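The values are calculated or read from the model by the stated rules, or taken from the named source; none is laboratory data. Everything quoted here is computed from the prediction, not taken from an experiment. Positions of Cβ are generated from backbone atoms using ideal geometry, with glycine treated the same way; all protein chains shown enter the neighbour counts. For accessibility, only protein heavy atoms count, side chains too; no ligands or nucleic acids. Shrake-Rupley method; radii C 1.70, N 1.55, O 1.52, S 1.80 Å.
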Amino acid sequence: MNNMKKGDHKLIQALNRSKVLNKIRTEGPISRIDLAKKNNISPSTVASAVQELIKDGYVVEIGTGSSSGGRKPILLQFNPNNHYLFAVAITNSLIILAAMNLEASILKKATFPIDGLQGKELVERLLQLTDDFIRSYGGGGQCVGLSVTVPGIVSDTQGVVYYNTKLRMENVPLKRIMEEQYGLRVWVENDMNSVALAERRFGNYAYSNLIYISIGDGLGSGILINDTLLRGKHGGAGEFGHTSVNWNGIRCECGNIGCLDTSISWVAIYSRIITAIATGRPTLIQELSGGDYAKIDPSMYKEALRRGDRLAISINEEVAEHLGAGIVNLVNMFNPEALILGGEMALGNEELLAMVRNYIGRHAMPILANDMVFGLASLGGDDKLIGAAAVLLQDLFGFSLIESSI
Ligand SMILES: [Zn+2]
């Protein structure tokens, strides 16, 4: 320890602080002495970390706990409300902005349509909306940063959106642009990765090996391995929708032929529905749309399913088979503890879940599939905002872990 540099010392202090904060967050209300004992941290390290955390407003002292005699200890609790963060979720059709506390609860939210904007125009609109939102946010407390989630190939370390075909974003240095503009620390992450992290941290799936799959406009996934996101060299890992499944399939926007995306994403389903209507096949969806086929969306499709529409049921069965086959590959490749199905096509679609579960049961290696948790996403419509918060909180405070008591 003698040749420890000053920088190392600071780093160790910061790590201790973050470790102590996490313990207070997950084990609180807890006394200083229990914190030290339970986690094998020296009482003096706990004391100095706690002092700083209280001073900075991350931790508060509340009441007193029980004691077997002598003075009763003061209890410490995490305080998520003295600070806030900004979250921005860019989807292929919306820009959603929010201010959130440090437990990812939404304090204020605003949603705007993208209106077909692409490339530079989209970035300009994003900056203008974010600017307005930050200016108008009147909440108290201190801002810890801004976190953006966006579909496509994203470098989290560079904060660059390398590639998004639908939004025509290519090599956009979002982190640098926004940090310069707002003077805040900025995080940029792929949307699927962020939701995988959020399901782990804030959802019903507290597993360190999990895969989140979203089936909606496109088909994507986020893969968490030993509590670390699998990103790959360019941040492109998890492009589940572009796994190649049909040599004779149709051309995909990625340039390949027969990607899974081209057979079961909503775009593919929509075109199947339109074709069925055009060839005179009777379906409730036609009735529900009132003849305005542009209005047909996943919720209409799910409504038709609920009412027993035969076209919707047969499409759902087909989706289950294709998706099931893709998922079996993931199960056999990654052996996840939990696999989560989200996105507009899946939410509330219990039949799809049941059919895919059945498919996995028949086709995956039994030893890998038998005790795997398989369920629908648990975070609802704000999942990407919660995801953005999860990315920031993990990086700033190491919040990804729902820590075990080891
Ligand atoms: Zn593709």
Checklist outcome for this item: By the DSSP-based rule, helices of the chain that are at least 30 Å long along the axis (C-alpha) and have a mean Kyte score of at least 0.5 are 310-334
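Share of antiparallel DSSP beta bridges in the chain, in percent to the nearest 5? Working shown, then result.
Working: 36 of 56 bridges.
So the antiparallel bridges amount to about 65 percent of the total.
Ratio to report: Rg/Rh of the stretch 214-289, with Cα atoms as the point set and Rh obtained by the Kirkwood method; give two decimals.
On the way: Rg = 16.1 Å, Rh = 14.3 Å.
Value, to two decimals: 1.13.
With 25 Å as the limit, write out which pairs from Lys166/Lys233; Lys23/Lys109; Lys23/Lys108; Lys109/Lys175; Lys38/Lys72; Lys23/Lys55 have Cα-Cα distances beyond it, or answer none. The partial results should precede the final answer.
On the way: Lys166/Lys233 22 Å; Lys23/Lys109 30 Å; Lys23/Lys108 28 Å; Lys109/Lys175 21 Å; Lys38/Lys72 18 Å; Lys23/Lys55 17 Å.
Where the Cα-Cα span goes over 25 Å, the pairs concerned are Lys23/Lys109; Lys23/Lys108.
In whole percent, what relative contact order does the stretch 204-378 give with Cα contacts below 8 Å and a gap of six or more residues?
Working: 265 pairs, mean separation 40.9, N = 175.
Computed over the stretch 204-378, the figure is 23 percent.
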Checklist entry - In whole percent, how big is the carbon plus sulfur part of the accessible area of the chain, probe 1.4 Å, protein atoms only? => result 50
Next on the checklist: Just want to confirm a number: the relative contact order over the chain, from Cα pairs under 8 angstrom separated by 6+ residues, in percent.
Outcome noted: 15
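With the other protein chains left in place, how much accessible area per residue, in square angstrom, belongs to the chain at a 1.4 angstrom probe? Show your work: numbers first, answer last.
Numbers: 19390 Å² over 406 residues.
On a per-residue basis, 48 Å².
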Next on the checklist: On the principal axes of its Cα set, how long, how wide and how thick is the stretch 151-199? Give whole Å, largest value first.
Outcome noted: 29, 27, 15
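Loop only by DSSP, 15 or fewer other Cβ within 10 Å of the Cβ. Give me the trypsin sites (Lys or Arg not before Pro) in the stretch 181-263 that pass, ordered by residue number. Walk me through the numbers before you get to the answer.
Working: sites: Arg185, Arg200, Arg201, Arg231, Lys233, Arg251; in loops: Arg185, Arg231, Lys233.
Here the trypsin sites (Lys or Arg not before Pro) that fit, given the DSSP loop and packing criteria, are Lys233.
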Checklist entry - Hey, if you drop one equal point scatterer on each alpha-carbon of the stretch 6-78 and run the Debye formula without solvent, what base-10 log of I(q)/I(0) do you get at q = 0.19, 0.21, 0.23 Å⁻¹? => result -0.72, -0.86, -1.01
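Which order do peptides 267-279, 335-347 fall in by mean Cβ count within 10 Å, highest first? Could you put the intermediate results ahead of the total?
Numbers: 267-279: 15.5, 335-347: 22.1.
Descending packing order for the listed peptides: 335-347, 267-279.
Counting each DSSP H run of 4 or more residues in the chain as -39500 (n - 2.57), what helix-only mean residue ellipticity at 222 nm follows after dividing by all residues, to the nearest 500 deg cm²/dmol?
Details: 14 runs with 171 residues, N = 406.
Rounded to the nearest 500, the figure is -13000 deg cm²/dmol.
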Checklist entry - In the calculated pair distance distribution of the chain, what percentage of Cα-Cα distances lie above 38 Å? => result 28
Next on the checklist: Kirkwood hydrodynamic radius, the stretch 204-378, all distinct C-alpha pairs: what's the number in Å?
Outcome noted: 16.8
